[in-house]
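This report concerns only the one structure given below.
The values are calculated or read from the model by the stated rules, or taken from the named source; none is laboratory data. Since the structure is predicted, the reported quantities are computational estimates derived from the model, not experimental observations. Glycine also receives a Cβ, built like all others from the backbone with ideal geometry; neighbour counts cover every protein chain displayed. With ligands, DNA and RNA removed, areas are computed over all heavy atoms of the protein, side chains included. Shrake-Rupley method; radii C 1.70, N 1.55, O 1.52, S 1.80 Å.
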Amino acid sequence: KGLALNEIMTGLGFKTIMTRTQNRDQDDLALSQIVAIANSNNVDHMHSIHSNGWQATSNYTLMLFQGGDNAPTYPDAKAVALIMSDQIYKTDRTTGKYTRGDFDFYGTGQPYLGVFRGLNMPGTLSEGSFHDYIPESWRLWNPDYKINEAHAIARTFIQFFQIPQPQVGMIAGIVRDSLEAPNYYYITGTADSYKPINKARVTLLPSNQEYICDTLNNGYFSFFNLEPGPYQLVFQADGYYAETLAVTAKANDIVFGDA
C-alpha cells in the first residue's frame with residue numbers, strides 16, 4: 001500500500017518521504033526513528049499504514065490520532081483522520097469505521113502510540129481492515145485491492161490540502177457464487193457469505209478492457225484511470241451464466257459493480 005501511495009502522491013505533485021520501502025528486518029525502524037525522520041524533514045503530515053488483526057472475527061476500519069477523541073494534540077490530525085476513515089471504509093467496504101484519539105482508545109489519558117510521540121506535526125495511523133479475517137486476508141493478496149486503498153489515502157490528502165482532483169476514476173468489484181458458501185469463517189449477513197469465484201473474466205465496455213480474477217479466493221477486479229461516464233461490466237466464468245451490469249465511473253472516486 002505504501003509503495004503504491006508513494007507513486008500516486010508523487011504523481012500528484014506531493015513531495016514524499018518513506019521510512020520503509022522493502023520488507024527486510026533492517027527496515028523495521030524504531031518508532032522514535034520514524035518520528036525523528038518526519039521532524040527533521042519538517043513534513044506537513046505523517047501517516048502510518050497498518051492492517052488490523054484480532055481473533056480473525058472482525059473487519060472494520062480504524063483511524064487513530066494523538067490526543068483525546070475530542071481533544072486532539074493537533075486538530076488537523078483529527079480532520080485528516082475523519083476524511084481518511086470515510087475514504088478507506090468506502091473503498092475496502094469494511095463493516096464499520098471508527099476515528100479515535102489514542103489517549104481515549106487505549107485508556108491511558110496520555111500519549112500512547114510511539115509513532116506519534118514527539119511528532120512536531122499532525123500524524124495519523126490507519127488500520128484499514130483486518131488481515132486475520134480470512135475473506136479479507138484473501139483480498140489483501142490482490143495487488144489491485146491494496147492499490148485501491150492507497151488511492152483512498154491519496155484522496156484524503158487531495159481533499160484536505162485542496163489540490164486539483166484527478167479527472168479519472170476507478171471501477172472495482174467482487175465476483176461470487178450466490179449459491180455456495182466459503183468453507184472458512186465469514187461474518188454472517190455480509191457478502192462474504194458467498195464464495196468468491198477464481199479466474200472469472202470481467203470485460204469493461206465499450207473499451208474492451210479485460211481483467212482475469214486471480215486464483216487466490218478473492219474474486220476481486222479493478223479498472224483504473226477511467227474517464228467519468230457510463231460503462232458496462234460483462235462477467236464470465238466456467239460453469240456460470242454470463243452477467244452484464246451497468247456502472248457509472250466518477251472522477252477521483254471508486255464505484256463498485258459486483259456479480
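Before moving on, here are some points about what is shown:
- Accessible surface, per residue, of segment 1-106 when the full set of protein chains is kept, probe 1.4 Å, Å²: 54 Å²
- The Cα trace of the chain gives Rg and Dmax of 19.3, 58 Å, the first to one decimal, the second as a whole number.
- In this structure the amide hydrogen of A249, modeled in the peptide plane, comes within under 5 Å of the amide hydrogens of G229, Y231, none closer than 5 places in sequence on its chain.
- With only the Cα atoms considered, segment 142-229 has a convex hull volume of 130 Å³ per residue.
- Per residue, the accessible area of segment 122-166 comes to 35 Å² when a 1.4 Å probe rolls over the protein heavy atoms.
- Percent of Cα-Cα distances greater than 13 Å, calculated over segment 87-138: 68 percent
- For segment 67-111, dividing the convex hull volume of the Cα atoms by the residue count gives 65 Å³ per residue.
- Averaging over all projection directions, the Cα-based convex hull of segment 1-55 occupies 4.9 nm² in the image plane.
- Rounded to the nearest 0.05, the FRET efficiency derived from the C-beta distance between D132 and Q22 at R0 = 22 Å is 0.40.
- Panel values: segment 107-259, Kirkwood radius from alpha carbon pairs, Stokes-Einstein at 4 °C and 1.567 mPa s, translational diffusion coefficient 74 µm²/s.
- Bridge type composition, the chain - antiparallel percent by DSSP, nearest 5: 65 percent
- Computed FRET value (nearest 0.05) for F256 with Y98, which takes r as the C-beta separation and R₀ as 30 Å: 0.85
- For the chain, the share of accessible area belonging to carbon and sulfur comes to 50 percent (1.4 Å probe, ligands and nucleic acids excluded).
- Global form of segment 81-184, assessed from the alpha-carbon gyration tensor, a/c cut-off 1.5: oblate
- Among the listed pairs K1/K78; K90/K146; K97/K146; K78/K250; K90/K195, those with a Cα-Cα distance over 25 Å are K78/K250.
- The rule of thumb for compact globular proteins, 2.2 N^0.38 Å, goes into the C-alpha radius of gyration of segment 1-146 1.04 times.
- From its DSSP helices (H runs of at least four residues, each -39,500 (n - 2.57)), the chain gives a residue-normalised ellipticity at 222 nm of -8000 deg cm²/dmol.
- Pairs of alpha carbons in segment 183-259 separated by more than 16 Å make up 54% of all such pairs.
- Evaluated on segment 37-77, the Kirkwood hydrodynamic radius is 12.8 Å, with distances taken between all distinct Cα atoms.
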